[in-house]
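Step one of this worksheet: look at the structure below.
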Amino acid sequence: MTKTLSFKLGMIALLMLLLLIPLLMIGGLIGERQALRDSVLQDIAQSSSFSQQISGPLLVVPYRKYERRWIEKNGQSVEQTITLNGQLYFLPETFHVDTDIDTELRARGIYQARLFHAKSRVSGRFKVPARWGIEKDWEDYRFDRPYLVVGISDIRGIENALALTLDDQRLPFEPGTGLDWLGGGVHVALPMLEDGQAREFTYGFDLALQGTGQLHVVPVGRSSRVDMRANWPHPSFVGNYLPSRREIHDQGFKAYWQTSFFATNLEDALRQCTGQGQCTDFNARAFGVSFVDPVDQYLKSERAIKYALLFIALTFAGFFLFEVLKNLRVHPMQYMLVGVALALFYLLLLSLAEHLGFGLAYGLSASACVLLIGFYLSHVLGSMRRGIGFAAGLSGLYGLLFGLLSAEDYALLMGSLLCFGLLGVFMVLTRRLDWARVGRAA
């Protein structure tokens, strides 16, 4: 029975399309396992504390303003005094956060969440303007006791008793901010400042904070500086401002941020928040670091399966070369069995990576598939040497794939060079092949 070249190539293409079915099923399974992992991490954060954002300190001065208005009553103009309640807000002149961070793993089943413990010293200086910055109708204002607020997105993560050092005084913090737009946090009542007088005072407090995922800081000072050190070697710097300096090594990282009101325009953002209720801009002007592994085993498995069809195509191309160069006959069912083995590699990789880590799981899965396919092809191709050679080539492909997965920045370049190089090899090996004769081969 004779087979034309077009029929053979059509069968190979059909088999590749059929193999897309298990590959799509494995891809869906990766998404399901990733969603389950995310749900477990959310549960761990729910029972401990979520991502943290430090907003403050802010100086808040409650006031009452008495306004005299004339109203018409029984045909006569009557003077009436109206009381308006409000608050004045002041950002610090300087704001400095010095933070040391330790991370730990919390496990639930086979899933692990990375928590952080940040021990911070927050300090700086406030500069209070004369008459609280009010230039007219000063005599119509009455001021209540000012207080200092610090916004902390998840107060469950506070691990120490907070106390404010105000110049030479020590004042305990109380829970809550009293400001709906700021959310959770703490506050401390300040001694009554003499009305009408400009004044400067220093502040400082120690904050031990636990969180999951990310730590953000809003640079509230006219001049803000944040120094951060951690034992996490894979930081992802997030937010509106990148560190001005950073050092990353195997044991952790150091990062330094420096901002000013010229860069943040935070006074306008605060004015919009307190006056118009538009606080998204104020809360978004933050920066920080993410303690989540940027490329976990699920993301790597998802990226690996994108190359599955290329792997199958290259393997089938190798079979086809043996057929036309060595005058062998490989049955479509043998193509299919090898393709299924290549597809099962990704299922093995996913299941092992959840327990052993991606690197070890990749090595074991690739070794198992290479040994199985090499043993099988030794009989299909009629020679142990051919089977070993094919297995060696497959091992090289798996090694190149691992390099592609590890080199995020150069993955496209490496993949393009790989495809071009393999095409060149195929063209060199078949440069003297009479394709017309192959199409009539028995």
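Each value in this text was obtained by applying a stated rule to the coordinates, not by laboratory testing. The structure presented is a predicted model; accordingly, all values stated were derived computationally and were not measured. Note that we place each Cβ from the backbone using ideal geometry, even for glycine, and neighbour counts take in every protein chain shown.
Summary table below
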| read-out | value |
| --- | --- |
| Potential lengthening between Ala313 and Arg64 on full extension [0.36 nm per residue; Cα-Cα distance subtracted] | 81.9 nm |
| Modelled FRET efficiency - R0 56 Å, Glu302 with Thr202, Cβ distances, 0.05 increments | 0.65 |
| Built amide H within the under 5 Å cut-off of Gln53, gap 5+ | Ser153, Asp154, His216 |
| Unmatched cysteines, the chain - criterion: no other Cβ of a Cys under 4.7 angstrom | Cys369, Cys419 |
| FRET efficiency for Leu360 and Phe7, using Cβ-Cβ distance with R0 set to 30 Å, rounded to 0.05 | 0.10 |
| Approximate spin-label separation Leu423-Leu242, in nm, with each point projected 7 Å along Cα-to-Cβ | 3.4 nm |
| For Ala118, net neighbour charge (Lys/Arg +1, Asp/Glu -1) across residues whose Cβ lies under 15 Å away | -2 |
| Local electrostatic count, Gly178, Cβ distance below 14 Å [Lys/Arg +1, Asp/Glu -1] | -2 |
| Lys pairs, the chain - Cα-Cα below 29 angstrom, 8 or more residues apart or on other chains | 10 |
| Ile134/Ser351 FRET efficiency (R0 60 Å; Cβ-Cβ; nearest 0.05) | 0.30 |
| Relative contact order (percent, whole number), the chain, Cα cutoff 8 Å, 6+ residue spacing | 17 percent |
| Label-to-label distance, nm, for residues given as Ser367 and Arg156 (7 Å Cα→Cβ offset) | 4.3 nm |
| Inter-label distance, nm, simple model (7 Å from Cα along the C-beta direction), Thr103/Leu20 | 3.9 nm |
| Spatial separation of Cα centroids for region 118-183 and region 380-406, in angstrom | 66 Å |
| Å³ per residue enclosed by the Cα convex hull of region 261-363 | 198 Å³ |
| Helix-only CD estimate at 222 nm, as mean residue ellipticity for the chain, using -39500 (n - 2.57) per DSSP H run (n ≥ 4) | -14000 deg cm²/dmol |
| Of (1) 83, 49, 44; (2) 77, 62, 48; (3) 114, 56, 37, the label for Cα extents along the principal axes in Å derived from the coordinates | (3) |
